[in-house]
1. Does B:Leu85 satisfy being of a type in the set (A, V, I, L, M) and open to solvent by 30 Å² or more (accessible area, probe 1.4 Å)?
2. Considering only segment A:1-26, how many residues are crowded, with 21+ Cβ neighbours inside 10 Å and assigned to a helix (DSSP H, G or I)?
3. Please go through (1) within 17 Å of the chain's Cα centre (by Cα); (2) at pLDDT below 90; (3) more than 11 Å from chain A (Cβ to nearest Cβ) for B:Met1 and return the number of the only condition it doesn't satisfy.
4. B:Phe270: within 24 Å of B:Gly67 (Cα to Cα), in contact with a Phe, Trp or Tyr (Cβ under 6 Å, 6 or more places away or on another chain) and open to solvent by 20 Å² or more (accessible area, probe 1.4 Å), yes or no?
5. Looking only at segment B:229-248, decide whether some residue is surrounded by 15 or more Cβ atoms within 10 Å (Cβ to Cβ), over 17 Å from B:Glu304 (Cβ atoms), away from ligand 1 (no atom under 16 Å from the Cβ) and without any contact (Cβ under 8 Å) to a residue 60 or more places away in the chain.
6. Can you find a residue that is acidic (Asp, Glu) and surrounded by 15 or more Cβ atoms within 10 Å (Cβ to Cβ) anywhere in segment A:225-232?
7. Just to check your reading of the model, which residue among A:Leu153, A:Leu165, A:Leu184 is within 16 Å of ligand 2 (Cβ to nearest atom) and within 10 Å of A:Ser46 (Cβ to Cβ)?
8. Can you confirm whether B:Leu177 is open to solvent by less than 40 Å² (accessible area, probe 1.4 Å), under 21 Å from B:Leu139 (Cα atoms) and more than 16 Å from ligand 2 (Cβ to nearest atom)?
Amino acid sequence: MTGVLHHPGYADEKLQRVEQLIPCRELQAGMLVSLMGQPQHYSYPSIFIYGHRASGKSHVLHILMKELELPHAAVSCVECVSAALLYERVLTSFFGRSAASFLPRSPSLSEFVRLYRHQRSQSPAEQTRYIVMEKAELLRDADANLLPALLRLQELVDDNITVILLSEIVWEKFRPNTGCFEPLLLHFPDYSKGELQQILSTDSHPSYSAELYSSYINILLGVFYSVCRDLRELRHLAALNFNKFCEPLTEGKVKETETHKLWRNIEPHLKKAMQTVYIREVSSLQWEQMQQTEDEGGALRGLSAHTHVELPYYSKFLLIAAYLASYNPARTDKRFFVKHHGKIRKTNFLKKNEKTSNHLLGPKPFALDRLLAIFYSVVDSRVAPTASIFSQISSLVTLQLLTQISHTDQLDAPKYKCSISLDFISAVSRTVNFDIVKYLYDFL
Amino acid sequence: MSKRKVKDVHLPTGECITQLQQVLRERFCHQRLPEKPEGVEAQHKNLLELLRRTAVHGESNSLLIVGPRGAGKTTLLRCALRDLLQDKDVNKNLLQVHLNGLLQTDDRIALKEITRQLHLENVVGDKVFGSFAENLAFLLEALKKGDRSSSRPALFVLDEFDLFAHHKNQTLLYNLLDVSQSAQAPVAVVGLTCRLDVMELLEKRVKSRFSHRQILLLSSLSFPQYQQRIQAQLSLTDAFPDAHFAEEWNSSIKTLCEDKSAQDVFRRQFHFSTDFRSLHTLLVFCLSRVTVSKPVIKAADVLEASRLCLCDAKANMLHGNSFNFELHKDSIYWPFSFPVVLQLEI
Ligand SMILES: Nc1ncnc2c1ncn2[C@@H]1O[C@H](COP(=O)(O)OP(=O)(O)OP(=O)(O)O)[C@@H](O)[C@H]1O
Ligand SMILES: [Mg+2]
């Protein structure tokens, strides 16, 4: 007996294999195994396991069920959009396909339980049967009776069965008004930095040494750990940036042992990655492309104005148009938006008093007509001036991205001002592939 | 295979622990019926008497068992039924229908289930009924026929009774209680609920047909009694195969219950709630820590178990994040910890 896991109900070799497969979760797995008890004994009717995203809940359960060869039904509440699918899954896993075929169309819980009891009387459980429900928080949206019934399924079907619920939300949020059978609660804490290091280091690259990969992970965690402890996310980021890390090595500039140089090379890069990829400002694919074009295109544009507002497609263009209308002098519209404007140089319409930047002066009011005129020239498809466009303008006002300046009773010529920053609009225009800087008078 | 108990059977410790786990797990996890429902002897006698009157003398009746969650309503009823069915005649004669408000979510489903449990699917066949009452009357009538001229007594158990009150027009409740009151057939209706205000849920016409007999399961234990209960719940009976081990185990449990720090935990549990189920939760955690190398429950185990039972889940979930803020509130990254926090639903 060398490992932490040890239980008389299960072979030591199996438990050892489990232990190898779930680094840093031995304690929780051990706890779970001791609660589950020997296979032929009864286990508690329901166990509720909670912990943050990617804290290893599903993984541990999956490995335990698989390696210990326990009879189980793995159910994801995301997949089971209707209860019928859930019933079918459970019956199929325990009693085979034929059992599920007895289910009527849109079966009720009553029918499921009856069918289960019928099947159970023919093949009673020799070992505890487990139903593992992932993303159990979705059960709260299901039929109100489903969750309380699942929690006491053992009593209802009178079988040696245990329902294990996995959730990212605490149990208090589940409890119905009139109470229900209280499950055992088990918490999976977040991985610590050391644990993350250990886990991430296991998937090293075949053509590089394990130490190198481990030191890479160390650098990665140094940058990301403060903002992200999600293992899945970190693993993705690690994979995404590893090539960049290895670049000096492949080019032969640096040796593997010169960690410091490697660190100097990758650190700014990772920081940029954090500002863009992690908060989903650009997709991973875009990021990879940006990495490739970086050398030609000069410095990376690491912009951090994260748009927390998700806007409809045309609203984004309306906002862009509003921004342009607010910060460009009206005279210059012709230069920017008329196709064949001839040669108009900046100096041609530079007035003496306009030396200061419009951005320092702040947004200027503009009329609706001008906004629409700019909108139609920046948006690349033909849009009819429908009510939907106009209602989007009022939505932008409601969202306080635009401010209406004129009186509300002035219906025929409302005036607006754009009240967002350059960072914000740059982020917005990036999402629609519109290079706003090219259209701003200040930056000519 | 009932082993004759021999005084000097000695099993290896591993085997003993397995047996111990089996016995106690059935008690804590599987609602194994106790020999005698502890602490509710009077109610048990009452209930048994009432059921017997229906089963033997053909009286109709209705009754509610009301008590908080995990207080032992279902156990009480099942104990009474078990004792009732020891009588061979009753066993042969009594029809049982068990419904649960969680499963039979409307009256159509309930009726289907009643038909099934009375084994009348073939009799009913494709018949179409005008009303619910007609259908139920037909079912009860069908039971009457056969070799006997009088009806067989039927027991309807409605677990989570309050949920049936939410069915449309309370048709099922109305009809069942109506039958039980009008003595068309000997029917006992027993409802189990955790809602003390259940009467307020009933419509007038339903209420007036109910006998207003209630069994309340509100525990009024004192702490010493609660302690005794804990000891009884953990102790092994004479039926345990290795008498020597059982004796040792029982004395270790006795020592545990006298331990100061364990008592503190039990007292906290006692003030928290006195029902069986929350006690079982605590004891399952204790039991899971019993192994071959440590075949006893120590006070430390009880402490650890109560820590697990009573831990603050929200604090658990927040721990990783709050820590984020503290460390990095002055670093340039701190606005980005929000996505981490937003994962939570607090
Ligand atoms: N009188 C008793 N003596 C010994 N054990 C009991 C007694 N009453 C209840 N128990 C045990 O307590 C547990 C909970 O009891 P039970 O399921 O009957 O509660 P309940 O009132 O039906 O709860 P719910 O309202 O959730 O249905 C069971 O494991 C049962 O074995
Ligand atoms: Mg009950």
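1. So B:Leu85 fits the description; yes.
2. Summing the residues that are crowded, with 21+ Cβ neighbours inside 10 Å and assigned to a helix (DSSP H, G or I) in segment A:1-26 gives 2.
3. Answer for B:Met1: the failing condition is (1).
4. yes
5. yes
6. yes
7. Of the residues listed, the single one that is within 16 Å of ligand 2 (Cβ to nearest atom) and within 10 Å of A:Ser46 (Cβ to Cβ) is A:Leu153.
8. Yes.
The values are calculated or read from the model by the stated rules, or taken from the named source; none is laboratory data. Every value quoted in this text rests on a predicted model; they were computed, and no experiment measured them. Positions of Cβ are generated from backbone atoms using ideal geometry, with glycine treated the same way; all protein chains shown enter the neighbour counts. Only protein heavy atoms, including side chains, enter the accessible area calculation; ligands, DNA and RNA are left aside. Shrake-Rupley method; radii C 1.70, N 1.55, O 1.52, S 1.80 Å.
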